[in-house]
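A short worksheet on the structure shown next.
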Amino acid sequence: MPAPLTATAIAHPNIALVKYWGKRDDAANLPATGSLSVTLDAMRTRTRVCFEPGLGADRVRLDGQEDAATSRRVSACLDLLRRRAGVAHGAVVESDNDFPTGAGLASSASGFAALVTAADAALGLGLPREELAQVARIGSGSAARSLFGGFALLRNQADGGVTVGPLLAPEAWPLRVVIAITSALPKEVGSRDGMAASRATSPYYEAWLHSHAADLEAGVRHVQGRDFAALATVAEHSCLKMHAVMLTTQPPLLYWLPATLACLQALQALRRAGTPVFFTIDAGPQVKAVCEPAAVSAVRAALAAVPGVTRVIDSGLGPGAYRANG
Ligand code: 2P0
(Lines give C-alpha, C1' and ligand atoms only; values in the text may rest on other atoms or scores of the structure.)
Protein backbone atom coordinates (compact mmCIF):
# COMPACT_ATOMS: atom_id res chain seq x y z
CA MET A 1 0.00 0.00 0.00
CA PRO A 2 1.48 3.39 -0.92
CA ALA A 3 2.47 5.68 1.97
CA PRO A 4 -0.06 8.40 2.75
CA LEU A 5 1.19 11.73 1.44
CA THR A 6 -0.62 13.96 3.90
CA ALA A 7 -0.11 14.39 7.63
CA THR A 8 -0.60 16.98 10.35
CA ALA A 9 1.59 17.59 13.41
CA ILE A 10 1.62 19.80 16.47
CA ALA A 11 4.70 21.19 18.19
CA HIS A 12 5.22 23.56 21.08
CA PRO A 13 7.75 26.37 21.31
CA ASN A 14 10.67 26.07 23.69
CA ILE A 15 12.54 28.62 25.76
CA ALA A 16 16.29 28.26 26.30
CA LEU A 17 17.59 28.47 29.87
CA VAL A 18 21.17 28.30 28.61
CA LYS A 19 21.07 30.24 25.35
CA TYR A 20 22.16 29.67 21.77
CA TRP A 21 23.36 32.79 19.94
CA GLY A 22 25.81 32.49 17.04
CA LYS A 23 26.80 29.93 14.44
CA ARG A 24 30.03 28.13 13.59
CA ASP A 25 28.79 27.16 10.11
CA ASP A 26 26.18 29.28 8.36
CA ALA A 27 25.54 26.94 5.44
CA ALA A 28 24.92 23.91 7.66
CA ASN A 29 23.25 26.09 10.32
CA LEU A 30 25.50 24.64 13.01
CA PRO A 31 25.37 26.51 16.33
CA ALA A 32 28.53 27.89 17.91
CA THR A 33 27.27 26.78 21.33
CA GLY A 34 25.01 24.14 22.81
CA SER A 35 21.78 25.04 24.60
CA LEU A 36 19.35 23.77 27.22
CA SER A 37 15.62 24.48 27.00
CA VAL A 38 12.14 23.83 28.32
CA THR A 39 9.28 23.02 25.95
CA LEU A 40 6.05 24.87 26.78
CA ASP A 41 2.51 23.48 26.62
CA ALA A 42 0.45 26.71 26.48
CA MET A 43 1.26 27.68 22.88
CA ARG A 44 1.38 25.56 19.75
CA THR A 45 2.03 25.40 16.03
CA ARG A 46 -0.17 23.14 13.92
CA THR A 47 1.20 22.21 10.49
CA ARG A 48 -0.29 20.17 7.67
CA VAL A 49 1.98 18.86 4.90
CA CYS A 50 0.64 17.36 1.68
CA PHE A 51 3.02 16.06 -0.99
CA GLU A 52 1.23 16.35 -4.35
CA PRO A 53 2.28 14.46 -7.48
CA GLY A 54 2.84 16.95 -10.27
CA LEU A 55 3.53 19.90 -7.97
CA GLY A 56 6.92 21.31 -8.98
CA ALA A 57 7.58 23.75 -6.14
CA ASP A 58 6.55 23.85 -2.50
CA ARG A 59 3.71 26.20 -1.49
CA VAL A 60 4.05 27.40 2.08
CA ARG A 61 1.49 29.43 4.01
CA LEU A 62 2.19 30.54 7.57
CA ASP A 63 -0.86 31.99 9.30
CA GLY A 64 -2.35 32.36 5.82
CA GLN A 65 0.59 34.38 4.44
CA GLU A 66 3.29 33.42 1.95
CA ASP A 67 6.87 34.55 2.60
CA ALA A 68 9.80 33.79 0.29
CA ALA A 69 12.48 33.54 3.00
CA THR A 70 10.40 31.17 5.15
CA SER A 71 9.55 29.08 2.08
CA ARG A 72 13.24 28.61 1.24
CA ARG A 73 13.99 27.34 4.74
CA VAL A 74 10.97 25.01 4.65
CA SER A 75 12.02 23.60 1.27
CA ALA A 76 15.58 22.97 2.53
CA CYS A 77 14.15 20.73 5.29
CA LEU A 78 11.65 19.03 2.97
CA ASP A 79 14.40 18.34 0.40
CA LEU A 80 16.33 16.28 2.97
CA LEU A 81 13.24 14.21 3.80
CA ARG A 82 12.18 13.85 0.13
CA ARG A 83 15.66 12.50 -0.65
CA ARG A 84 15.34 9.95 2.18
CA ALA A 85 11.94 8.86 0.87
CA GLY A 86 12.83 8.91 -2.84
CA VAL A 87 9.93 11.27 -3.51
CA ALA A 88 10.13 14.30 -5.80
CA HIS A 89 6.67 15.86 -5.31
CA GLY A 90 6.31 19.45 -4.18
CA ALA A 91 4.38 19.99 -0.96
CA VAL A 92 1.55 22.22 0.15
CA VAL A 93 2.39 23.32 3.71
CA GLU A 94 -0.17 25.10 5.86
CA SER A 95 0.93 26.18 9.31
CA ASP A 96 -0.73 28.24 12.00
CA ASN A 97 0.34 29.50 15.39
CA ASP A 98 -2.02 30.26 18.28
CA PHE A 99 0.41 32.96 19.48
CA PRO A 100 2.25 35.96 17.92
CA THR A 101 4.72 34.95 15.18
CA GLY A 102 8.28 36.32 15.03
CA ALA A 103 7.95 38.22 18.31
CA GLY A 104 10.48 36.41 20.49
CA LEU A 105 8.14 33.56 21.39
CA ALA A 106 10.05 30.86 19.49
CA SER A 107 7.57 30.43 16.65
CA SER A 108 10.34 29.16 14.36
CA ALA A 109 11.19 26.44 16.91
CA SER A 110 7.67 25.03 17.07
CA GLY A 111 7.17 25.70 13.34
CA PHE A 112 10.08 23.64 12.06
CA ALA A 113 9.54 20.89 14.65
CA ALA A 114 5.93 20.54 13.50
CA LEU A 115 7.01 20.67 9.84
CA VAL A 116 9.50 17.80 10.00
CA THR A 117 7.14 15.69 12.16
CA ALA A 118 4.29 16.11 9.67
CA ALA A 119 6.50 15.60 6.61
CA ASP A 120 8.07 12.46 8.11
CA ALA A 121 4.61 11.01 8.70
CA ALA A 122 3.31 12.06 5.28
CA LEU A 123 6.25 10.34 3.56
CA GLY A 124 5.93 7.23 5.76
CA LEU A 125 9.56 7.51 6.87
CA GLY A 126 9.10 6.97 10.62
CA LEU A 127 12.48 8.50 11.50
CA PRO A 128 13.47 8.66 15.19
CA ARG A 129 13.09 12.03 16.92
CA GLU A 130 16.85 12.46 17.12
CA GLU A 131 17.10 12.29 13.32
CA LEU A 132 14.12 14.60 12.80
CA ALA A 133 15.79 17.07 15.16
CA GLN A 134 18.83 17.15 12.85
CA VAL A 135 16.54 18.07 9.94
CA ALA A 136 14.57 20.67 11.94
CA ARG A 137 17.89 22.26 12.97
CA ILE A 138 18.55 23.19 9.32
CA GLY A 139 15.35 25.27 9.33
CA SER A 140 15.93 26.79 12.76
CA GLY A 141 18.59 25.88 15.31
CA SER A 142 16.22 26.09 18.27
CA ALA A 143 13.64 23.87 16.50
CA ALA A 144 15.73 20.78 17.18
CA ARG A 145 14.86 21.14 20.88
CA SER A 146 11.07 21.24 20.27
CA LEU A 147 11.11 17.62 19.08
CA PHE A 148 11.47 16.76 22.78
CA GLY A 149 9.26 17.44 25.77
CA GLY A 150 10.27 18.86 29.13
CA PHE A 151 13.96 19.77 29.35
CA ALA A 152 15.94 19.31 26.11
CA LEU A 153 19.67 19.51 25.54
CA LEU A 154 21.63 20.34 22.39
CA ARG A 155 25.38 19.71 22.61
CA ASN A 156 28.19 20.34 20.18
CA GLN A 157 30.33 17.29 19.50
CA ALA A 158 34.09 17.02 18.91
CA ASP A 159 33.47 15.69 15.36
CA GLY A 160 31.78 18.97 14.38
CA GLY A 161 28.20 17.73 14.62
CA VAL A 162 25.58 18.22 17.32
CA THR A 163 23.50 15.85 19.40
CA VAL A 164 20.00 16.77 20.54
CA GLY A 165 17.87 14.83 22.99
CA PRO A 166 15.75 14.82 26.13
CA LEU A 167 17.36 15.76 29.45
CA LEU A 168 14.45 15.43 31.89
CA ALA A 169 10.77 14.58 31.32
CA PRO A 170 8.23 17.36 32.07
CA GLU A 171 6.64 15.46 34.95
CA ALA A 172 10.04 14.88 36.59
CA TRP A 173 10.33 18.59 37.47
CA PRO A 174 7.06 20.35 36.58
CA LEU A 175 8.20 23.96 36.64
CA ARG A 176 5.90 26.69 35.28
CA VAL A 177 6.73 29.50 32.86
CA VAL A 178 4.78 32.76 33.09
CA ILE A 179 5.21 34.90 29.97
CA ALA A 180 4.68 38.65 30.02
CA ILE A 181 3.81 39.94 26.54
CA THR A 182 4.92 43.54 26.07
CA SER A 183 4.46 43.75 22.29
CA ALA A 184 3.01 41.39 19.68
CA LEU A 185 4.82 43.13 16.79
CA PRO A 186 7.35 41.08 14.78
CA LYS A 187 10.98 41.91 15.58
CA GLU A 188 12.90 44.20 13.23
CA VAL A 189 16.00 42.00 13.06
CA GLY A 190 15.52 38.24 12.93
CA SER A 191 17.72 35.85 14.90
CA ARG A 192 19.64 34.60 11.87
CA ASP A 193 20.76 38.06 10.74
CA GLY A 194 21.27 39.15 14.34
CA MET A 195 23.60 36.23 15.10
CA ALA A 196 25.70 36.91 12.01
CA ALA A 197 26.00 40.59 12.95
CA SER A 198 27.00 39.72 16.54
CA ARG A 199 29.75 37.39 15.38
CA ALA A 200 31.06 40.02 12.98
CA THR A 201 30.94 43.06 15.26
CA SER A 202 30.48 42.44 19.00
CA PRO A 203 33.72 42.68 20.99
CA TYR A 204 32.09 40.39 23.57
CA TYR A 205 31.26 37.57 21.16
CA GLU A 206 34.46 35.58 21.84
CA ALA A 207 33.98 35.94 25.60
CA TRP A 208 30.41 34.69 25.20
CA LEU A 209 31.63 31.57 23.37
CA HIS A 210 34.46 31.00 25.85
CA SER A 211 32.30 31.12 28.95
CA HIS A 212 29.39 29.16 27.47
CA ALA A 213 30.49 25.54 27.95
CA ALA A 214 30.74 25.95 31.73
CA ASP A 215 27.22 27.44 31.84
CA LEU A 216 25.82 24.55 29.84
CA GLU A 217 27.39 21.91 32.04
CA ALA A 218 26.25 23.74 35.18
CA GLY A 219 22.73 24.04 33.75
CA VAL A 220 22.62 20.30 33.03
CA ARG A 221 23.82 19.50 36.54
CA HIS A 222 21.27 21.80 38.18
CA VAL A 223 18.38 20.41 36.12
CA GLN A 224 19.40 16.85 36.95
CA GLY A 225 19.69 17.83 40.63
CA ARG A 226 16.39 19.87 40.58
CA ASP A 227 18.38 22.74 42.14
CA PHE A 228 16.13 25.73 41.41
CA ALA A 229 18.29 28.44 43.01
CA ALA A 230 21.46 27.30 41.23
CA LEU A 231 19.63 26.98 37.89
CA ALA A 232 18.23 30.49 38.38
CA THR A 233 21.73 31.94 38.71
CA VAL A 234 23.06 30.17 35.61
CA ALA A 235 19.99 30.92 33.46
CA GLU A 236 19.86 34.65 34.26
CA HIS A 237 23.60 34.97 33.69
CA SER A 238 23.38 33.19 30.32
CA CYS A 239 20.47 35.42 29.28
CA LEU A 240 22.18 38.66 30.27
CA LYS A 241 25.47 37.66 28.64
CA MET A 242 23.58 36.98 25.40
CA HIS A 243 21.88 40.38 25.61
CA ALA A 244 25.25 42.02 26.33
CA VAL A 245 26.47 40.56 23.03
CA MET A 246 23.31 41.74 21.28
CA LEU A 247 23.62 45.27 22.70
CA THR A 248 27.26 45.53 21.63
CA THR A 249 26.52 44.37 18.08
CA GLN A 250 26.67 47.03 15.37
CA PRO A 251 24.07 48.24 14.61
CA PRO A 252 22.87 47.37 18.15
CA LEU A 253 20.28 44.68 18.74
CA LEU A 254 18.15 46.26 21.44
CA TYR A 255 15.21 43.89 21.79
CA TRP A 256 13.98 45.27 25.12
CA LEU A 257 11.16 47.73 25.74
CA PRO A 258 10.78 49.77 28.94
CA ALA A 259 8.26 47.18 30.15
CA THR A 260 10.83 44.41 29.63
CA LEU A 261 13.16 46.00 32.17
CA ALA A 262 10.28 46.80 34.50
CA CYS A 263 9.33 43.09 34.48
CA LEU A 264 12.88 42.09 35.42
CA GLN A 265 12.82 44.50 38.34
CA ALA A 266 9.42 43.21 39.48
CA LEU A 267 10.76 39.62 39.39
CA GLN A 268 13.93 40.58 41.29
CA ALA A 269 11.80 42.19 43.98
CA LEU A 270 9.66 39.04 44.22
CA ARG A 271 12.73 36.85 44.57
CA ARG A 272 14.22 39.09 47.25
CA ALA A 273 10.96 38.58 49.13
CA GLY A 274 11.41 34.80 48.94
CA THR A 275 9.46 33.70 45.83
CA PRO A 276 11.31 31.06 43.75
CA VAL A 277 11.35 32.67 40.29
CA PHE A 278 13.91 33.64 37.65
CA PHE A 279 13.71 35.42 34.28
CA THR A 280 14.85 34.79 30.76
CA ILE A 281 14.44 36.89 27.60
CA ASP A 282 14.93 35.89 23.96
CA ALA A 283 15.32 37.89 20.75
CA GLY A 284 12.28 39.99 21.53
CA PRO A 285 10.75 42.12 24.31
CA GLN A 286 8.79 39.41 26.15
CA VAL A 287 9.85 38.27 29.63
CA LYS A 288 9.61 34.61 30.59
CA ALA A 289 9.48 33.95 34.33
CA VAL A 290 10.33 30.39 35.36
CA CYS A 291 8.94 29.44 38.75
CA GLU A 292 7.83 26.63 41.00
CA PRO A 293 4.09 25.81 40.75
CA ALA A 294 3.23 27.37 44.13
CA ALA A 295 4.60 30.72 42.95
CA VAL A 296 2.50 31.04 39.78
CA SER A 297 -0.24 33.30 41.16
CA ALA A 298 2.24 35.72 42.77
CA VAL A 299 4.35 35.84 39.58
CA ARG A 300 1.28 36.34 37.37
CA ALA A 301 0.03 39.17 39.56
CA ALA A 302 3.42 40.89 39.68
CA LEU A 303 3.88 40.77 35.90
CA ALA A 304 0.28 41.76 35.08
CA ALA A 305 0.73 44.89 37.25
CA VAL A 306 3.71 46.15 35.21
CA PRO A 307 2.71 49.08 32.94
CA GLY A 308 3.13 48.01 29.31
CA VAL A 309 2.39 44.33 29.88
CA THR A 310 -0.54 43.59 27.59
CA ARG A 311 -1.09 39.91 28.34
CA VAL A 312 0.25 37.22 30.66
CA ILE A 313 0.40 33.57 29.56
CA ASP A 314 0.91 30.84 32.14
CA SER A 315 2.42 27.64 30.79
CA GLY A 316 3.43 24.24 32.03
CA LEU A 317 6.14 22.13 30.43
CA GLY A 318 4.89 20.42 27.31
CA PRO A 319 5.46 17.32 25.21
CA GLY A 320 7.70 16.99 22.18
CA ALA A 321 6.28 17.33 18.66
CA TYR A 322 3.63 14.76 17.76
CA ARG A 323 1.39 13.70 14.90
CA ALA A 324 -2.19 14.95 15.08
CA ASN A 325 -5.45 14.30 13.26
CA GLY A 326 -6.18 16.42 10.24
C1 2P0 B 1 17.68 30.23 21.93
N2 2P0 B 1 17.31 32.02 20.26
O3 2P0 B 1 18.57 29.51 22.42
C4 2P0 B 1 18.09 31.57 21.38
C5 2P0 B 1 17.96 32.63 22.41
C6 2P0 B 1 16.85 33.38 20.44
C7 2P0 B 1 17.52 33.87 21.64
O8 2P0 B 1 17.59 30.18 19.10
O9 2P0 B 1 19.14 31.05 12.77
O10 2P0 B 1 15.34 30.91 15.26
O11 2P0 B 1 17.06 29.72 12.70
O12 2P0 B 1 19.04 28.83 13.88
O13 2P0 B 1 16.75 29.09 16.28
C14 2P0 B 1 16.42 31.84 17.99
O15 2P0 B 1 17.13 31.52 16.88
O16 2P0 B 1 17.82 30.82 14.78
C17 2P0 B 1 17.15 31.30 19.15
P18 2P0 B 1 18.29 30.07 13.48
P19 2P0 B 1 16.66 30.47 15.79
O20 2P0 B 1 16.48 29.89 21.94
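All of (1) over 25 Å from residue 255 (Cβ atoms); (2) within 16 Å of the ligand (Cβ to nearest atom); (3) part of a loop (DSSP other than H, G, I, E, B); (4) not aromatic (Phe, Trp, Tyr) hold for residue 116 with one exception: (3).
Of all residues in region 220-249, those that are outside the structural domain of residue 17 (by TED's automatic domain parsing) have Cβ atoms under 7 Å from Cβ atoms of residues that are in a loop (DSSP other than H, G, I, E, B) and of a type in the set (Gly, Ala, Ser), 6 or more apart or on another chain, in 245/202; 248/202; 249/202. None of 290, 312, 299 is outside any helix (DSSP H, G or I) and more than 30 Å from residue 134 (Cα to Cα) except 312. Just to be sure before I move on: is residue 101 within 15 Å of the ligand (Cβ to nearest atom), in a loop (DSSP other than H, G, I, E, B), in contact (Cβ under 8 Å) with a residue 24 or more places away in the chain and not aromatic (Phe, Trp, Tyr) in the structure I sent? Yes; evaluated as a whole, the condition is true for this residue. Scanning region 240-295 for residues that are touching an Asp or Glu at 6+ places or on another chain (Cβ under 6 Å) and not aromatic (Phe, Trp, Tyr) turns up just one, 276.
Residues of region 169-199 that are in contact with a Ser or Thr (Cβ under 8 Å, 6 or more places away or on another chain) and either acidic (Asp, Glu) or closer than 17 Å to residue 32 by Cα (or both): 191, 194, 197, 198.
Of all the residues in region 92-115, those that are touching an Asp or Glu at 6+ places or on another chain (Cβ under 9 Å) and hydrophobic (A, V, I, L, M, F, W, C) number 4. Total residues in region 267-287 satisfying the condition of being among the small types (Gly, Ala, Ser) and either in a strand (DSSP E or B) or surrounded by fewer than 21 Cβ atoms within 10 Å (Cβ to Cβ) (or both): the figure is 3. Screening region 208-217 for residues that are without any contact (Cβ under 8 Å) to a residue 60 or more places away in the chain and of a type in the set (Gly, Ala, Ser) and picking the one that is surrounded by the fewest Cβ atoms within 10 Å (Cβ to Cβ) gives 214.
From the list 36, 125, 55, 78, the lone residue that is assigned by TED's automatic domain parsing to the domain that holds residue 15, in a loop (DSSP other than H, G, I, E, B) and either at pLDDT below 95 or touching a strand residue (DSSP E or B) at 6+ places or on another chain (Cβ under 8 Å) (or both) is 55. Applying the condition of being near the ligand (Cβ under 8 Å from one of its atoms) and part of a strand (DSSP E or B) to region 19-33 and asking which residue is nearest to the chain's Cα centre (by Cα) yields 31. Checking 94, 131 one by one, the residue that is part of a strand (DSSP E or B) and over 15 Å from the mean Cα position of the chain (by Cα) is 94 and no other. Looking only at region 1-46, filter to residues that are within 16 Å of residue 111 (Cα to Cα) and charged (D, E, K, R); which one of those is surrounded by the fewest Cβ atoms within 10 Å (Cβ to Cβ)? Taking the candidates together, the pick is 41. Of all residues in region 4-17, at least one satisfies being within 12 Å of the ligand (Cβ to nearest atom) and in contact with an Asp or Glu (Cβ under 9 Å, 6 or more places away or on another chain).
The values are calculated or read from the model by the stated rules, or taken from the named source; none is laboratory data. Treat the numbers as computed from the prediction; the structure is a model and nothing was measured. Methodologically, a virtual Cβ is constructed for each residue, glycine included, from the backbone with ideal geometry; neighbour enumeration extends over all protein chains shown.
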